[in-house]
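Asks: Sending over a structure as structure tokens; questions will come in a sec.
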Amino acid sequence: MKKNILIGRRIFNYGVLILGLIFIASCGNKKVNPIITELDTKTDALIIGLQAFNDSIVWASGTYSTLMKSTNAGKDWKIFTYPNIDSLQFRDVHPISDKEAIVLSAGEGKLSQLFYFHEESGWKKVFQMNHKQGFIDALQFWENGQGLVYGDAIDSLAYILKTTDFGRSWRRIPTAPKSNEGEGGFASSGSNILMGEEGKAWIATGANGSARVFYTADYGRSWEVKNTPMMTGEFAGLTAIKKSANKLWITGGDLGISDSILENVYYSYDNGENWKALPAHQTQGSFYGLAVTTYLENEFVLVCGPKGAEIWLGDQEKWQIVSEEDIWTATFIDSRTALMAGRNGKMFKVELE
């Protein structure tokens, strides 16, 4: 009897083990799919800047001097406007705290400005372009309060501003790399500057035959220049640069081509020395925005532009269209949740499940 009971227990335990292995295998084979939800921003501005302070607080900016903040991951938005003029194009925003942000106004000459904004004390202009052909494109910060702004070239050096006091003051750095004639950036998503740890930063360039990456490892004191295989032309080049655990990612294209599928999403394992394209996607034209994440040990790459948005599903090694709206910018607010936004105040949440 005891022998039979022991045998039965062994059979029972073995059966439980098999069921457990089947369950684990079935979970491991589950395909990740993006769930898309449209959000109400209560604005008709073109949203271009989009950045999370944490997984709940998100700042956004756009045309008509529009600045926005959400405290619940994009479900609801509070809208602020610059009181002195309602026609500025706020093409990038960087949160300093839950109540503070640095806002970038893009445009020729004096229209290129930087503002320090506090939800309680309001607006303070901290920079204004003094060159009539100047044009700033994007800004980004390290966690220690140092930050960079990149703009179109006005002379032989790349136009890079730096702050060391969380954006209260800015100066042009004299150690910037040499610029090609007419080289600059595209103020289309606030995504052409990328910050890394310990003073690392990457700047993606374009326009007038350039499509390069400027790289610093010491907070902008010295720079290396990396070439890329992105298409070049008067209105072509890189629009965005991001980093995953072990890859550098770029996107862009030719802004004059809207009716063809372009090879315009690349990655590098060696910090930009060599590049490889992802397999062909389905959306035509250039991509303006780029966001990447690692989720369940796979990489997911979200790209967006005037003709729509697609996501590379790393677990399935394929592209999937997630929108055909005119989408300019995207960001992951946690490892499985992204926001993307664009024309007419359109905004969507993309959740990986």
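The values are calculated or read from the model by the stated rules, or taken from the named source; none is laboratory data. As the structure is a computational prediction, the values presented were derived from the model and not from experiment. All Cβ positions, even for glycine, are placed from backbone atoms using ideal geometry, and neighbour counts span all protein chains on display. SASA here: full protein model, heavy atoms, side chains in, ligands and nucleic acids out. Shrake-Rupley method; radii C 1.70, N 1.55, O 1.52, S 1.80 Å.
Asks: Restricting region 47-67 to residues that are over 17 Å from the mean Cα position of the chain (by Cα) and assigned to a strand (DSSP E or B), which is surrounded by the most Cβ atoms within 10 Å (Cβ to Cβ)?
Replies: THR66
Asks: Considering only region 309-333, state which residues are open to solvent by 60 Å² or more (accessible area, probe 1.4 Å) and either part of a loop (DSSP other than H, G, I, E, B) or over 15 Å from LYS31 (Cβ atoms) (or both).
Replies: GLU317, ILE321, GLU324, GLU325 - these are the residues of region 309-333 that are open to solvent by 60 Å² or more (accessible area, probe 1.4 Å) and either part of a loop (DSSP other than H, G, I, E, B) or over 15 Å from LYS31 (Cβ atoms) (or both).
Asks: Please determine, by comparing only the residues of region 148-158 that are under 22 Å from the mean Cα position of the chain (by Cα) and not in a loop (DSSP other than H, G, I, E, B), which one is farthest from TYR215 (Cα to Cα).
Replies: GLY151
Asks: Can you find a residue in region 272-284 that is under 23 Å from ASN180 (Cα atoms), more than 20 Å from the chain's Cα centre (by Cα) and small (Gly, Ala, Ser)?
Replies: The answer is no; no qualifying residue exists.
Asks: Quick test for you: out of VAL225, VAL213, pick the one residue that is open to solvent by less than 10 Å² (accessible area, probe 1.4 Å), assigned to a strand (DSSP E or B) and hydrophobic (A, V, I, L, M, F, W, C).
Replies: VAL213
Asks: Suppose we filter region 159-174 for residues that are in a loop (DSSP other than H, G, I, E, B) and either over 22 Å from VAL126 (Cα atoms) or free of Cβ contacts under 8 Å to residues at least 24 places away in the same chain (or both); how many remain?
Replies: 3
Asks: Can I ask one more? Give me the residue from region 84-107 that is open to solvent by 20 Å² or more (accessible area, probe 1.4 Å) and either of a type in the set (D, E, K, R) or modelled with pLDDT under 95 (or both) and, out of that set, nearest to ALA330 (Cα to Cα).
Replies: By that ranking, first place goes to ARG91.
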